[in-house]
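Chemist: Supplied in structure tokens, the structure appears directly below.
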Amino acid sequence: MDYLLDLLQGAGLAAAIGIRPFLPVLLAGALATADVGLDFDGTDFSFLETWPFLLAVLVLVLLADFAGRRMGRARAESGPLGMALLALAVVLGALMAAGSIADHSSDWWPGLPVGAACAALGFFAVRSLFIRVRRRLDPEAAGALPVYAEGAAVGAAGLSILFPPLAVLIIGGLAWLLIGGRRRAGEKYAGLRILR
């Protein structure tokens with residue numbers, strides 16, 4: 001049962017990292033440092049709660065924010081910066097999920113593919129949602145979308161760390177968003193075919 005809870009915790013944390021990669025990692029590192037919800041000490045993933053790693057993540061937050069402001073959020077998230085964020089989210093999600101399992105078990109390797117998959121799910125679900133929403137908003141309101149994404153990511157990470165069974169709801173919600181977005185895109189084109 002502990003293994004399942006650790007796996008759920010890691011999966012939910014990885015999904016939150018997929019939404020926005022940086023603040024969930026900082027939250028997990030801070031909680032792990034205080035031994036609240038998870039603890040990486042004594043595992044192969046103890047570096048995840050060290051200050052040099054957390055400082056490097058903080059620097060990446062600042063660099064990504066600067067790049068997003070400089071390039072424009074919509075263009076930055078769909079271009080090379082978006083792909084870099086996806087790659088970073090997949091790697092960090094895999095490490096955090098494996099680290100969560102390693103807290104109570106030496107058989108941590110399933111956390112790597114589960115974490116990578118959940119991070120990719122979070123990334124693509126939220127990206128799809130924000131692309132649809134950004135089209136309907138004026139530029140000022142669309143500028144606030146990253147704040148909402150960060151809030152959702154931190155909330156999902158906190159809930160997954162402190163209440164691991166809720167990760168099922170987080171992952172299910174992200175899957176529903178992704179499937180719903182793809183279905184709506186198909187319906188839009190189906191309607192265009194009818195007009196011919």
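Chemist: Does the range 62-85 contain any residue that is at pLDDT 90 or above and open to solvent by less than 70 Å² (accessible area, probe 1.4 Å)?
Modeler: no
Okay, residues lined up against (1) closer than 28 Å to LEU177 by Cβ; (2) in contact with a Lys or Arg (Cβ under 8 Å, 6 or more places away or on another chain):
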site: LEU23; (1), (2): yes, no
site: GLU49; (1), (2): no, no
site: LEU62; (1), (2): no, no
site: GLY82; (1), (2): yes, yes
site: MET96; (1), (2): yes, no
site: SER100; (1), (2): yes, no
site: ASP107; (1), (2): no, no
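Chemist: When the residues of the range 7-23 are narrowed to those that are at pLDDT 95 or above and surrounded by fewer than 24 Cβ atoms within 10 Å (Cβ to Cβ), which ends up farthest from ALA156 (Cα to Cα)?
Modeler: Here the answer is LEU7.
Chemist: With the structure loaded, tell me whether LEU169 is part of a helix (DSSP H, G or I), open to solvent by 20 Å² or more (accessible area, probe 1.4 Å) and under 14 Å from GLY10 (Cβ atoms) or whether it fails that test. Spell out how you get there, then give the answer.
Modeler: Values: part of a helix (DSSP H, G or I): yes; open to solvent by 20 Å² or more (accessible area, probe 1.4 Å): yes; under 14 Å from GLY10 (Cβ atoms): no.
So LEU169 fails the test.
Chemist: Six or more apart or on different chains, Cβ under 7 Å: which pairs go from a residue in the range 1-29 that's more than 10 Å from ALA119 (Cβ to Cβ) to one that's of a type in the set (D, E, K, R)? Could you list them?
Modeler: ASP6/ASP103; ARG20/GLU150; LEU23/GLU150; GLY29/GLU49
Chemist: It is to be established whether one or more residues within the range 149-168 are of a type in the set (Asp, Glu) and farther than 15 Å from ALA16 by Cβ.
Modeler: Taking the range 149-168 first, the residues of a type in the set (Asp, Glu) are 150.
Still in the running and farther than 15 Å from ALA16 by Cβ: none.
Within the range 149-168, not a single residue is of a type in the set (Asp, Glu) and farther than 15 Å from ALA16 by Cβ.
Chemist: Quick one: is LEU26 open to solvent by less than 60 Å² (accessible area, probe 1.4 Å) and closer than 23 Å to LEU174 by Cβ?
Modeler: On the way: open to solvent by less than 60 Å² (accessible area, probe 1.4 Å): yes; closer than 23 Å to LEU174 by Cβ: yes.
Taking the combined requirement at face value, the residue satisfies it.
Chemist: Right, another one. Within the range 104-153, can you find the residues that are closer than 15 Å to ASP6 by Cα and open to solvent by 40 Å² or more (accessible area, probe 1.4 Å)? Steps first, please.
Modeler: At the first step, the residues of the range 104-153 found to be closer than 15 Å to ASP6 by Cα are 104-115, 118.
Matches in the range 104-153: HIS104, SER106, ASP107, TRP108, TRP109, LEU112, PRO113, VAL114.
The values are calculated or read from the model by the stated rules, or taken from the named source; none is laboratory data. Predicted model only: the values in this text are computed from it and were never measured. Positions of Cβ are backbone-derived with ideal geometry, glycine not excepted, and every protein chain shown enters the neighbour counts. Protein only, heavy atoms only, side chains kept; ligands, DNA and RNA dropped before computing areas. Shrake-Rupley method; radii C 1.70, N 1.55, O 1.52, S 1.80 Å.
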